[in-house]
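Read-outs: derived from the displayed coordinates by stated rules, not from any lab. Quantities reported herein were computed from a predicted structural model and do not represent experimental measurements. For neighbour counting, all protein chains shown are included, and Cβ atoms are generated from backbone atoms with ideal geometry for every residue, glycine included.
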Amino acid sequence: MTEITTDQPLELKALEDKLDLLIEQYNSLKHQNSFLKNKQEELVQEKAQLLEKTTLARIRVEAMITRLKAMENGS
């Protein structure tokens, strides 16, 4: 039989504390990762909307320039 020393309960407690800390860190990182994934998706959607708005604005400006040139050439 092995002899149980008085240090073993302390070592077990230290190991439990380290495991609890690791679990807390894991949960925190899991939550942070989820938040960042959601934020990334929002930003991707926002970028797509901004690109669409920019394209529409460019088309309008080009149309106005064309009309102005036509008016200038027509007068």
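Rounded to the nearest 10 degrees, the inclination of helix 7-74 to the longest alpha-carbon principal axis of the chain is 0 degrees. Evaluated with a Cβ-only charge set (Lys, Arg +1; Asp, Glu -1), the chain carries a dipole of roughly 1100 debye about its Cα centre, given to the nearest 20. If the chain linking ASN27 and GLU11 were pulled fully straight, counting 0.36 nm for each residue of separation and taking away their Cα-Cα distance, it would gain 3.3 nm. Expressed as a whole percent, how much of the Cα-Cα distance distribution for segment 3-44 exceeds 13 Å? Considering segment 3-44, 66 percent of its Cα-Cα pairs are separated by more than 13 Å.
Dimensions of the chain based on its C-alpha atoms, expressed as ranges along the principal axes with the largest first, amount to 109, 15, 12 Å.
Rank ALA48, LEU22, GLN8 by how far each Cα sits towards the positive end of the charge dipole of the chain (+1 on Lys, Arg Cβ; -1 on Asp, Glu Cβ) and give me just the farthest. Final value for the positive-end residue is ALA48.
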